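For reference, the structure discussed in these notes is given below.
The values are calculated or read from the model by the stated rules, or taken from the named source; none is laboratory data. All of these numbers come straight from a predicted model, not from anything done at the bench. Counting neighbours? That spans all protein chains shown, and the Cβs are built from the backbone with ideal geometry, glycine included.
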Amino acid sequence: MLISRMKMPEFEAALTKTTTVIIPFGSVEEHGPHLPLSTDTFHAQEVAGRAATQHPLLVAPPVHYGICRSTSDHPGTISITGNTLRALALDLGQEFYRQGCRQVIFLTGHAGGTHVSALIEAGEQLLRLLPEIKVAVVNIVDLLRETFRQHPDLINTPGDSHAGEVETALMLAAYPDTVAGTAPEEWPTLPRFILARHKRKFWPGGVWGNPGAATAAQGEKILAGEVKVLLDLVNALERFED
C-alpha cells in the first residue's frame with residue numbers, strides 16, 4: 001500500500017490491516033554515464049512496492065537524499081550531512097508511530113557506511129524514546145548478499161558494485177526508460193584508510209563493475225530475490241519480542 005497515493009480514509013483503513021511501514025531511503029548520486037542519479041531511491045522504492053503487493057504493509061514516500069562520500073567529486077552527487085539524515089529518520093519514525101505504526105523499517109538503497117550508520121543511530125534513538133516501537137535498518141546490499149547466497153548464478157562479475165552489472169540489470173528490469181545504454185567496465189583505485197580529497201582522480205567514470213554484463217531478465221530475478229528476503233525481515237520484525 002503506497003502512502004503517496006492514498007487519501008485520508010484509505011490511510012486510516014490501512015492501519016486496521018497493518019501497523020508496519022517501510023520508509024525507503026536513497027540518494028541523489030552519480031551512477032556512471034548510463035544510470036539516473038536517483039538509482040538508489042528507485043531501487044529501494046521498487047523493492048518495497050513489490051513487497052507490499054505480497055504482504056499487508058505501508059510504503060512511505062521515499063527520502064531522496066543521503067550521505068554520499070566516495071562520489072562527492074562527481075557531477076550530480078548531492079549529499080546531506082549525517083546530522084540531517086539522523087534528524088529526518090528520527091522525525092519520520094516518531095510521526096509514523098504517532099499515526100499508529102509500530103514496526104518501522106528503514107530500507108536504504110544507498111549503502112554507504114556513514115549513511116547506514118546514521119540510520120542505525122536514529123533507529124536506536126527511536127527504541128529509547130518510544131516504548132512499543134520495533135525498528136529494523138536494512139540496506140540493499142544486505143538484500144543482494146542474501147539473494148546471491150541463495151542464487152549465485154544471478155551475478156557474473158565478482159566484486160561488482162556501484163553502477164555495475166547488478167544495478168544496471170535492476171534498472172533495465174524496473175525502469176528501462178531511464179537507462180542510457182551501458183558504460184565501460186571500471187574498477188576504482190581509491191586508497192585504503194587514506195581520505196582522498198580529489199576522489200574522482202581515483203574513480204573517474206563512477207562505475208564499479210561491468211555494466212555490459214547486465215540484462216533485464218537478470219534484473220527481474222534479482223528483484224524477486226530481494227523481495228523475498230525483505231518479506232522474511234518483515235515477518236521476523238512483526239513477530240519479534242524484545
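Scanning the range 5-33 for residues that are part of a helix (DSSP H, G or I) and within 9 Å of Leu58 (Cβ to Cβ) yields Phe11, Ala14. Scan the range 46-95 for residues that are small (Gly, Ala, Ser), within 22 Å of Leu170 (Cα to Cα) and assigned to a helix (DSSP H, G or I) and the total you get is 4.
From the set of residues in the range 109-138 that are assigned to a helix (DSSP H, G or I) and among the acidic types (Asp, Glu), which is nearest to Trp208 (Cα to Cα)? Please lay out each step first, then the result.
As a first pass, look at the range 109-138 and keep what is assigned to a helix (DSSP H, G or I): 113-129.
Now drop any that are not among the acidic types (Asp, Glu), which leaves 121, 124.
Working: Glu121: 28, Glu124: 32 Å.
Taking the candidates together, the pick is Glu121.
Taking each residue of the range 134-155 that is within 16 Å of Val116 (Cα to Cα) and at pLDDT 95 or above and looking for partners that are surrounded by fewer than 16 Cβ atoms within 10 Å (Cβ to Cβ) and aromatic (Phe, Trp, Tyr) with beta-carbon atoms closer than 9 Å, six or more apart or interchain, yields Ala136/Phe240. Looking at (1) surrounded by 19 or more Cβ atoms within 10 Å (Cβ to Cβ); (2) part of a helix (DSSP H, G or I), which one does Val141 not meet, given that it meets all the others? Val141 satisfies every listed condition except (1). For Gly112, the test of being under 30 Å from Ala163 (Cβ atoms) and at pLDDT below 95 is passed.
Residues that are surrounded by 19 or more Cβ atoms within 10 Å (Cβ to Cβ) and at positive phi within the range 192-239 comprise Gly206, Gly209, listed in sequence order.
Screening Val227, Val207 for residues that are under 18 Å from Glu46 (Cβ atoms) and of a type outside the set (Asp, Glu) leaves exactly one candidate, Val227.
None of Phe148, Phe106 is in a helix (DSSP H, G or I), within 29 Å of Leu37 (Cβ to Cβ) and aromatic (Phe, Trp, Tyr) except Phe148.
Can you name every residue in the range 203-242 that is in a loop (DSSP other than H, G, I, E, B), out of contact with any Gly (no Cβ under 7 Å at 6 or more places or on another chain) and within 19 Å of Pro158 (Cα to Cα)?
Step one: of the range 203-242, the residues in a loop (DSSP other than H, G, I, E, B) are 203-208, 210, 214-215, 240-242.
Filter again for out of contact with any Gly (no Cβ under 7 Å at 6 or more places or on another chain), leaving 203-204, 214-215, 240-242.
Result: Trp203, Ala214, Thr215.
Among residues of the range 170-188 that are more than 17 Å from Arg50 (Cα to Cα), those with a beta-carbon under 7 Å from a residue that is of a type in the set (Phe, Trp, Tyr) at least six positions away or on a different chain give the pairs Glu186/Trp208; Trp187/Trp208; Pro188/Phe202; Pro188/Trp203; Pro188/Trp208. Here is the figure for the range 189-223: residues that are farther than 21 Å from Pro33 by Cβ and without any contact (Cβ under 8 Å) to a residue 40 or more places away in the chain total 7. Apart from one condition, Thr19 fits all of (1) of a type in the set (S, T, N, Q); (2) within 25 Å of Leu170 (Cα to Cα); (3) over 18 Å from the mean Cα position of the chain (by Cα); (4) crowded, with 19+ Cβ neighbours inside 10 Å; the exception is (2). For the range 157-199, give me the residue count where each residue is within 19 Å of the chain's Cα centre (by Cα) and in a helix (DSSP H, G or I). Count: 12.
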